[in-house]
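Colleague: Got a structure for you, written out below as structure tokens; questions coming shortly.
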Amino acid sequence: ESTLGAAAAQSGRYFGVAIAANRLSDSTYATIAAREFNSVTAENEMKIDATQPQRGQFNFTAADRVYNWAVQNGKEVRGHTLAWHSQQPGWMQNLSGSALRQAMIDHINGVMSHYKGKIAQWDVVNEAFADGSSGARRDSNLQRTGNDWIEVAFRTARAADPSAKLCYNDYNVENWTWAKTQAMYRMVKDFKQRGVPIDCVGFQSHFNSGSPYNSNFRTTLQEFAALGVDVAITELDIQGASPSTYAAVVNDCLAVSRCLGVTVWGVRDSDSWRSEHTPLLFYNNGSEKPAYTAVLDAL
Ligand code: XIL
């Protein structure tokens, strides 16, 4: 196959990309994105601050720009993200307790009903665990509403759009030996045992010198899949874009039948949120990097 998306489709998977609405007018960017990928995640446009800037006033202008571009170009869409401590609008940052809990529920209902039946996977909850060795939840205004906020989010999401796969998404959870990974594993196991509706786990996979790729990532994917959830690599970028590391990540996904696909977090290095890491598959001029060829060959 000659594109990443078509190559991934040979095994029933997708190869996706994070899209920024304001870059779609750049023809180099839009041409590569339309050609190479068959799944799209909005990089920022479906987040809480973008979709509900004022309480009760939803705005899907930018989100729909990404969504409509994706659908018009034949791509499926991953929804990102409904409940998160970051990129909250000011009004939400100022809420706590039962008012914040209700606002979270209202937000999930408002966004999911707008896209009902149209989203392949939703990142319902993002980044709820703490870094480091504690294995604890991350402190946040949402966490302070009560430890059950995550399961409430998932139950709300299931009712709002029963057709979407519901994912928990996080970073620094790729290394099987890390406490954060084990904490996430215990939560998913508990949810499956108690019937809390969760369908998938997203591994962001922002690999850099502080949290490098480790070959035990495949074990992590296998262990989560064995709990009865799908897994996905949701925001892949690799500092320096080592071709062999990119190929290893792709091979880890291909080795796990429940791995749905891989999403890279941007098109060209200049589009990356960490452009100084030159972590992506395309040079700034739009030409393919060695990592691109390594990924295509691995798929
Ligand atoms: C990042 C975007 O890429 C940036 O443009 C934005 O300024 C901050 O958020 N984990 C996530 C993503 O789940 O939503 C983040 O995206 C990167 C880390």
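Read-outs throughout are calculated quantities, based only on the coordinates presented, and are distinct from any laboratory measurement. Everything numeric here is computed off the predicted structure, so don't read it as measured data. No Cβ is skipped: glycine too gets one built from the backbone with ideal geometry, and neighbour counts run over all protein chains shown.
Colleague: Near residue 118, which lysines are there with a Cα under 26 Å away, not counting those fewer than 8 places off in the same chain?
Modeller: 47, 75, 165, 192
Colleague: Sticking with this structure for a sec: Any idea what diffusion coefficient region 104-143 gets from Stokes-Einstein, in µm²/s, Kirkwood Rh on alpha carbon pairs, 25 °C, 0.890 mPa s?
Modeller: Values: Rh = 12.2 Å.
The diffusion coefficient I find is 201 µm²/s.
Colleague: Further, regarding this structure: If you place +1 on the Cβ of every Lys and Arg and -1 on the Cβ of every Asp and Glu, how big does the dipole about the Cα centre of region 228-291 come out, in debye to the nearest 20? Present the calculation step by step, with values, prior to reporting the outcome.
Modeller: Working: 4 positive and 8 negative charges, 18 e Å.
Roughly 80 debye, rounded to the nearest 20.
Colleague: Please compute the alpha carbon radius of gyration of region 1-92, then divide it by the globular-protein estimate 2.2 N^0.38 Å. Two decimals is fine.
Modeller: Details: Rg = 14.6 Å, N = 92, 2.2 N^0.38 = 12.3 Å.
Dividing the Cα radius of gyration by 2.2 N^0.38 Å gives 1.19.
Colleague: R0 = 45 Å: FRET efficiency of residue 118 with residue 147, Cβ-based, nearest 0.05?
Modeller: Details: r = 32 Å, r/R0 = 0.70.
Calculated value: 0.90.
Colleague: Sorted by packing (mean other beta-carbon atoms within 10 Å per residue), highest first, where do 64-71, 187-194, 158-165, 277-284 land? Please report the intermediate quantities before stating the final value.
Modeller: Numbers: 64-71: 18.6, 187-194: 14.6, 158-165: 17.0, 277-284: 21.4.
Descending packing order for the listed peptides: 277-284, 64-71, 158-165, 187-194.
Colleague: Going by C-beta contacts inside 10 Å, put 36, 223, 1 in order with the fewest on the left.
Modeller: Numbers: 36 24, 223 18, 1 11.
Ascending number of Cβ neighbours within 10 Å: 1, 223, 36.
Colleague: At 222 nm, what value in deg cm²/dmol follows for the chain if DSSP H runs of at least 4 each add -39500 (n - 2.57) and the sum is divided by all its residues, to the nearest 500?
Modeller: Values: 11 runs with 113 residues, N = 299.
Taken over the chain, the calculation gives -11000 deg cm²/dmol.
Colleague: Continuing with the same structure: With +1 on the Cβ of every Lys and Arg and -1 on the Cβ of every Asp and Glu, and nothing else charged, how large is the dipole of region 184-299 about its Cα centre, in debye rounded to the nearest 20?
Modeller: Details: 9 positive and 12 negative charges, 82 e Å.
For this selection, approximately 400 debye.
Colleague: If R₀ is 45 angstrom, what is the calculated FRET efficiency for the pair residue 193 and residue 273, using the beta carbon separation as r and rounding to 0.05?
Modeller: Once the sixth-power term is evaluated, E becomes 0.80.
Colleague: Assign unit charges at the C-beta atoms only (+1 for Lys and Arg, -1 for Asp and Glu), then state the dipole size of the chain relative to its Cα centre in Debye, rounded to the nearest 20. Walk me through the numbers on the way to the answer.
Modeller: On the way: 27 positive and 30 negative charges, 147 e Å.
Once rounded to the nearest 20, the dipole reads 700 debye.
Colleague: Amide H to amide H under 5 Å from residue 19: which residues, 5+ apart in sequence or cross-chain, H placed 1.01 Å off N in plane?
Modeller: Answer set, sorted by chain and number: 41, 42, 43.
Colleague: Run the simple label-point estimate for residue 138 and residue 254 please: 7 Å along Cα→C-beta, distance reported in nm.
Modeller: Distance between label points: 3.2 nm.
Colleague: Computed from the mean reciprocal separation of all distinct C-alpha pairs, what Kirkwood hydrodynamic radius does region 184-288 have, in Å? Can you show the working numbers first?
Modeller: Values: mean 1/r = 0.0689 Å⁻¹.
For region 184-288, the Kirkwood estimate is 14.5 Å.
Colleague: Please report, in cubic angstrom per residue, the volume enclosed by the convex hull of the alpha-carbon atoms of region 1-158. Don't jump to the answer; show the numbers that get you there.
Modeller: Details: hull volume 21.6 nm³, N = 158.
Dividing the Cα hull volume of region 1-158 by its residue count gives 137 Å³.
Colleague: Can you give the percent of C-alpha pairs in the chain whose distance is more than 32 Å?
Modeller: Taking all Cα-Cα pairs of the chain, the fraction more than 32 Å apart is 21 percent.
Colleague: Residues with amide H under 5 Å of residue 261's amide H, sequence separation 5 or more or different chain, H placed in the peptide plane at 1.01 Å from N; which?
Modeller: Residues meeting the criterion, in which the H sits 1.01 Å from N, are 14, 233.
Colleague: What does the extension gain come out to for residue 1 and residue 24, with contour length at 0.36 nm per residue minus their alpha carbon separation? Present the calculation step by step, with values, prior to reporting the outcome.
Modeller: Details: separation 23, 0.36 × 23 = 8.28 nm, distance 2.52 nm.
Full extension from residue 1 to residue 24 adds 5.8 nm.
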